[in-house]
Amino acid sequence: MKHYAIVVSMYSQLLGVSYNVCSFNILVNCFCSHLFSQVKVKGIRPDIVTYNCLIHAMYNFGQQEEATRLFNKMMDNNISLDIVTYDILVDAHCKDGKNSKAIDTIDTMKKQGIELDVVTYNILVDAHCREGMVFEAIDTVDTMIKQVIEPNVVTYNSLINGHCLQNRMDKARKVFHLMIKKGCAPDISSYNIMINGYCEDRRIEETKELFHEIFQKGPIPATVTYNTLTQGMCQLGRVSSACELLRKMLAFGQVPNVVTCLNLLNGLCKSDKLEEALELFRAMRNSKLELNIVCYNILIGGLCKSGHIEVGKELFHKLSVYGLKPDVYTYAIMINGFCKQGLPDEAY
């Protein structure tokens, strides 16, 4: 028996207690299920929108079996499914890697006289691209156009991403230009995908050109845009350029997150720029960023590698002060550092 009401009641009694994202996910799920049960208790007949919302939530929380049971219950109760219901099901099957089931669901749609919309096609295109089946994705887009359904920015983004995942950046760029030619303006996701692709292909100059183009065309760069670019620059040893990008980010009023700082911290440590790394680390600690053990591992690793084993050791012993516990990587870094310094007793 599902005790949703009890969980919801417990939440109200535990105000002030710290929660993590898993706790909130459980609560959101319980609120949805509890509210749905209350609808029936109050004599209100749930309509298709009600069911769609709940099925969508169930799939998002990984409750495929419960969602399938609810779907079957809808069928048993002769509730007419709409395009939204089918899109949710197709998307769930594709994300679960069950493309054949997604196709079966689409066949059922057609038999029910429900025509595919742009959302349905986009789900299929994205699924094909993520599985490396770009040509199948292109065929799907061709079918879509024949049905007089115009591809939108989501469609083009999936195709661009598909080519990027296959390291075919020239083809990705062609799709990028094609969408512009067709009157479909790229959004920030389009640029993020292209920038990430160029970074993965180590084509930093094209990446920088595309980044400057963003400011000319209008989309506001997201934090993820800066993160992708700083990571790419650091991987190519262009740490100074990455630090300059951080300064520009701050100048434009963008707030870096922990990933931005991790990229730079890692780059500075690998480039033996320990003073700058320590300065950045202090700035991170003084900000509202929540530093995790990965941040400390990077800095401790950089200190040990450069021979500053005592400073690394001091930071290691302060972890508990900051409410953190060393993980297996922390211990490995310290043991390796002591051994390289000829201090095996310290390592043990």
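Values quoted throughout were computed directly from the atomic coordinates according to the rules given, and no laboratory measurement underlies them. Every value quoted in this text rests on a predicted model; they were computed, and no experiment measured them. Note that we place each Cβ from the backbone using ideal geometry, even for glycine, and neighbour counts take in every protein chain shown.
Hydrodynamic estimate: the Kirkwood radius of the stretch 221-291 over Cα pairs, inserted into Stokes-Einstein at 20 °C and 1.002 mPa s, corresponds to D of 180 µm²/s. Each Lys or Arg adds one and each Asp or Glu subtracts one; over the other residues with Cβ under 12 Å from the Cβ of Lys101, this totals -2.
Can you give the net charge of the other residues whose Cβ lies under 13 Å from the Cβ of Tyr156, counting K and R as +1 and D and E as -1? Net of charged neighbours comes to +2. The dipole here belongs to the stretch 221-291: it is taken about the Cα centre, uses +1 on the Cβ of Lys and Arg and -1 on the Cβ of Asp and Glu, and is about 100 debye. Taking a quarter of the surface of the Cα convex hull of the stretch 293-348 gives a mean projected area of 3.3 nm². Since only Met284, Tyr331, Pro221 are under comparison, the one whose Cα sits farthest along the positive direction of the charge dipole of the chain, derived from C-beta charges on Lys, Arg, Asp and Glu, is Met284.
For the chain, the longest principal axis of the Cα atoms and the long axis of helix 188-200 meet at an angle of about 50 degrees. Within the shell defined by Cβ-Cβ distances under 12 Å, the residues around Tyr226 carry a net charge of +1, with Lys and Arg each +1 and Asp and Glu each -1.
Taking every C-alpha pair closer than 8 Å and separated by at least 6 residues, the mean separation divided by the residue count of the stretch 175-261 gives a relative contact order of 25 percent. Rounded to the nearest 20, the size of the Cβ-charge dipole of the chain about its Cα centre is 420 debye, with Lys and Arg at +1 and Asp and Glu at -1.
The angle between the Cα long axis of helix 204-217 and the longest principal axis of the Cα atoms of the chain comes to about 60 degrees, rounded to the nearest 10.
For a straight C-alpha distance cut-off of 29 angstrom, the lysines reachable from Lys174 (same-chain residues fewer than eight places away being disregarded) are Lys95, Lys146, Lys182, Lys208, Lys217.
Compared with the dominant Cα axis of the chain, that is its longest principal axis, helix 99-111 is turned about 30°.
Sequence-distant contacts, meaning Cα pairs under 8 Å at least 6 residues apart, place the relative contact order of the chain at 7 percent.
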